[in-house]
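Heads up: the structure comes next, in structure tokens.
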Amino acid sequence: MNRLMLMRHAKAVPHDAGLPDHGRALTLGGRAAARAVRDLMASHGMAVDVVLVSSARRTMQTLQCLLPFITPNKVEPMDALYLASATDILHVLRQVTPTLHRVLVIGHNPGLHELALGLCACRHAADYPALATRFPTAALARFTVPCDWSALAPGSAELTRFMSAPRLDARDLPG
């Protein structure tokens, strides 16, 4: 049995911050939200074998906020995940080595949200209504995948948890 976690990067500086989109950094609130998700992952015992992460600065910084809780055997920054479509992310997942059973993908919307919705075998899962509504920054969807990665297809996974960090902004942060 495989486990798949899809995480949207945490809140980043706006597009108009004078940086190319690929170079946008996390905000202070985004960093705090990513650390809150790290703590949620730890409290639910969500271990990871490999992290497939978009090469964008905001996704890489999101990953850094999850450390040291997650200690994957492998981290693979991938240009192919930068603003990838659901189809492109699915293609990447189908290439995962069969001996890796717990995969975390850190990426971007709308592709990540579309993939999460498409993978759901059961639209009656407790967390499905929240997932169907939106996939906010620093949100994490966890799935059980009963097949090999190479056979991953729409409708082939079970949503077991959908969570996001509490709303945080600058006034919630210390100092």
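Just so it is clear, none of the values below were taken in a lab; they were calculated from the coordinates. What you are looking at is a predicted structure, and each value in this text was computed from that prediction instead of being measured. Backbone-built Cβ (ideal geometry, glycine too); neighbour counts: all protein chains shown.
Here are a few things to note about the model shown:
- Inter-part distance, the range 14-45 to the range 52-110, computed on C-alpha centroids, equals 15 Å.
- Protection proxy ranking, highest mean first, for peptides 122-128, 64-70, 100-106: 100-106, 64-70, 122-128, where packing is the per-residue count of other beta-carbon atoms within 10 Å, averaged.
- Within the chain, the selection of entire DSSP H helices by a Cα span of 20 Å or greater along the long axis and an average Kyte-Doolittle value of at least 0.0 returns 28-43.
- Think of the chain as a dipole: +1 on every Lys or Arg Cβ, -1 on every Asp or Glu Cβ, centred on the Cα centre; then among Ala36, Leu104, Leu19, Ala36 lies furthest on the positive end.
- Ascending count of other beta-carbon atoms within 10 Å, so fewest first, for Thr144, Thr62: Thr144, Thr62
- Residues whose amide H lies under 5 Å from that of His108, counting only those 5 or more places away or on a different chain, are Leu83, Ala84; hydrogens are built 1.01 Å from N in the peptide plane.
- Counting Lys and Arg as +1 and Asp and Glu as -1 over every other residue whose Cβ lies under 9 Å from the Cβ of Thr62, the net charge comes to +3.
- Neighbours of Asp49, meaning other residues whose beta-carbon lies under 12 angstrom from its beta-carbon, give a summed charge of +2 when Lys and Arg score +1 and Asp and Glu score -1.
- From the C-alpha gyration tensor of the range 1-107, square roots of 5λ in Å: 23, 18, 10
- Distances between placed amide hydrogens fall under 5 Å for Arg3 paired with Arg102, Val103, Val145, all partners being 5 or more residues away or on another chain.
- The GNM of the chain, with springs linking C-alpha atoms under 10 angstrom apart, assigns the highest mean-square fluctuation among Pro77, Pro20, Pro154 to Pro20.
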